[in-house]
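K.L.:
Can you read through this structure? Questions will come right after.
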Amino acid sequence: MIDQFAPFGSREYWIIFACVVFSRAMDFLSTWIATPNLMLEANPIARKLGWKFGILLNLVLCFLFPLWPLPAVVITTTSLLVAARNLQSAWLMRSMGEINYRVWMSERLREASRGLFFFCLLGQAAFFVLLGVTLMYFSRFAVIPFGIGMGMITYAFAVALYTTLSVWRLATRRL
C-alpha cells in the first residue's frame, strides 16, 4: 500500500536506498556532463546550491526518503527520467561549451514560433502525465507502479516548469 514505511536498516530500506542513491547520482552525473559550471541548469535552486551543497543535501535526502517508499519511488523515477533527458543533449552542450550552447539555443528560440515551442513542450509533458495517470489508476495502489506513475507526472511538471523558466531566462538575457 502507498502509506507503508520501511524501517531503517531493513532489507527493504537498503534496496530503496540503493535505488535512490543510483538515480540521484545519475541525475548529478548527467548534469555534470551537460553543464559542469551549472550555467545551463534549469532548476534555479540547484544552480544556487552549487555542486557541494547540492551533493550534501542529496546525501541527507538519500538516507531519509527510503524510510517512506512512495516518495522514494517518485524521486527515483523522476531522477532517472531527468538524467535520460540530460544525456539526450549533453554531448551537444559539452562539445559546444555552455556559453556557446546557450547562445545557439537563444538564437533557435528567437527563430522559432513561441506557440509551436510551447505546444511541443506541453504535448511532451501531457504524454508523460497520461502514462503516469494510467499507471497510477491501474496500480491498485501498489507502491511501486503507483510511485512510478506519480514520478512520471512529477517529471512532466518539472520539465514543463523548468523548461519554461529556462526559455524565459534565455529570452530576457542579452549575451
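A short reminder: the numbers here are calculations on the coordinates, not readings from a lab. Just so you know, these numbers come straight off a predicted model, no measurement behind them. Positions of Cβ are generated from backbone atoms using ideal geometry, with glycine treated the same way; all protein chains shown enter the neighbour counts.
K.L.:
Distance in nm between label sites at GLU107 and GLU12, each 7 Å beyond Cα in the beta-carbon direction?
P.N.:
5.5 nm
K.L.:
Right, next: Excluding the sites themselves, what is the longest stretch of the chain that contains no trypsin sites (Lys or Arg not before Pro) in a DSSP loop with at most 14 other C-beta atoms within 10 Å? Working shown, then result.
P.N.:
Working: sites that count: ARG140, ARG173, ARG174.
So the longest stretch without any such site is 1-139.
K.L.:
Then there is this: Please arrange TYR137, TYR155 by how many other C-beta atoms lie within 10 Å of their C-beta, fewest to most.
P.N.:
Working: TYR137 11, TYR155 23.
Lowest count first: TYR137, TYR155.
K.L.:
By counting other Cβ atoms within 10 Å of each Cβ, how are MET96, MET105 ranked from fewest to most? List each step's numbers first, then the result.
P.N.:
Details: MET96 14, MET105 18.
Fewest-to-most ranking of MET96, MET105: MET96, MET105.
K.L.:
While we're looking at this one, here's another question. What are the membrane-span-like helices in the chain by this rule: whole DSSP H runs, Cα extent along the axis at least 27 Å, mean Kyte-Doolittle hydropathy at least -0.5?
P.N.:
11-34, 69-96, 114-138, 143-172
K.L.:
Next up: Using a 10 Å cut-off around each Cβ, can you sort SER95, SER23 from fewest to most neighbouring Cβ atoms?
P.N.:
Going from sparsest to densest Cβ surroundings: SER95, SER23.
K.L.:
What value, in deg cm²/dmol to 500, does the helix sum -39500 (n - 2.57) over DSSP H runs of n ≥ 4 give at 222 nm once divided by the residues of the chain?
P.N.:
Details: 6 runs with 142 residues, N = 175.
Here the helix-only value at 222 nm equals -28500 deg cm²/dmol.
K.L.:
Using 0.36 nm per residue of separation minus the Cα-Cα distance, give me the extension gain between MET39 and PHE138 in nm, one decimal. Show your work: numbers first, answer last.
P.N.:
On the way: separation 99, 0.36 × 99 = 35.64 nm, distance 4.03 nm.
Going from the current span to full extension adds 31.6 nm.
K.L.:
Another question about this same structure. With percent of Cα pairs over 30 Å apart defined as stated, name the option among (1) 20; (2) 24; (3) 12 computed from the structure displayed.
P.N.:
This structure yields the entry labelled (2).
K.L.:
Now a separate question. For an R0 of 22 angstrom, estimate the FRET efficiency from the Cβ-Cβ distance between ILE99 and THR164 and round to the nearest 0.05. Each step should come with its number before you reach the end.
P.N.:
On the way: r = 22 Å, r/R0 = 0.99.
Working from the Cβ atoms, E equals 0.50.
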